[in-house]
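For reference, the structure discussed in these notes is given below.
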Amino acid sequence: MNFIRRLPDAELEVMQAVWDCEAPVSRADIENVLSKTHHMAATTILTLLSRLVERDFLTIEKSGRSNCYTPVISKQDYLASQSRSFLDKLCGGDIRAFATALCDSGLGREDIEELRRLLEKGEL
């Protein structure tokens with residue numbers, strides 16, 4: 001798996017909104033998704049979309065008078081890359097240290113059991 005650079009929070013928020021929609025997605029679609037958590041000005045969204053295009057996270061195509069955006073990087077690929085980076089940087093690649101930190105983070109017994117079931121079934 002290739003390393004995918006970590007996105008700043010605001011860009012990640014826009015990217016998550018893109019992932020939540022069916023591609024291709026318009027600025028209005030993204031604004032609609034973001035409005036459920038907090039308001040972001042249309043100009044801010046457009047600026048962040050431009051940055052995401054420049055960073056090769058999105059492609060852009062003209063659709064009439066507006067632009068449509070399609071993710072280049074899937075949510076799963078981004079999450080996998082960032083998880084690997086977290087494991088390497090903060091835990092020195094030690095999966096035991098990562099698992100201990102995860103359990104110490106406040107995961108409930110049910111969450112830990114679900115994680116165990118997923119690992120045993122090979123679904124992770």
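The values are calculated or read from the model by the stated rules, or taken from the named source; none is laboratory data. All figures in this text were calculated on a predicted structure; none of them were measured in a lab. Cβ: placed from backbone, ideal geometry, glycine included. Neighbour counts: every protein chain shown. These area figures cover heavy atoms from the full protein model, side chains too; ligands, DNA and RNA do not enter into them. Shrake-Rupley method; radii C 1.70, N 1.55, O 1.52, S 1.80 Å.
Listing for the model above:
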{"quantity": "Residue tally, condition of a type outside the set (S, T, N, Q) and closer than 16 Å to V14 by Cα, over region 60-96", "calculated": "9"}
{"quantity": "Subset of region 14-27 (residues that are in contact (Cβ under 8 Å) with a residue 24 or more places away in the chain and assigned to a helix (DSSP H, G or I))", "calculated": "V14, M15, Q16, V18, W19, R27"}
{"quantity": "Verdict on S85 being at pLDDT below 85 and over 22 Å from the mean Cα position of the chain (by Cα)", "calculated": "no"}
{"quantity": "Whichever residue in region 58-84 is under 27 Å from T43 (Cα atoms) and among the basic types (K, R) and, among such residues, is most open to solvent (accessible area, probe 1.4 Å)", "calculated": "R65"}
{"quantity": "Enumeration of residues in region 1-19 that are surrounded by 14 or more Cβ atoms within 10 Å (Cβ to Cβ) and either of a type in the set (A, V, I, L, M) or modelled with pLDDT under 95 (or both)", "calculated": "I4, L7, A10, L12, V14, M15, A17, V18"}
{"quantity": "Residue count, region 32-49 (criterion: surrounded by 11 or more Cβ atoms within 10 Å (Cβ to Cβ) and more than 17 Å from the chain's Cα centre (by Cα))", "calculated": "7"}
{"quantity": "Matching residues in region 85-98 - criterion: being open to solvent by 60 Å² or more (accessible area, probe 1.4 Å) and either among the acidic types (D, E) or more than 19 Å from L119 (Cα to Cα) (or both)", "calculated": "F86, D88, K89, L90, G92, D94"}
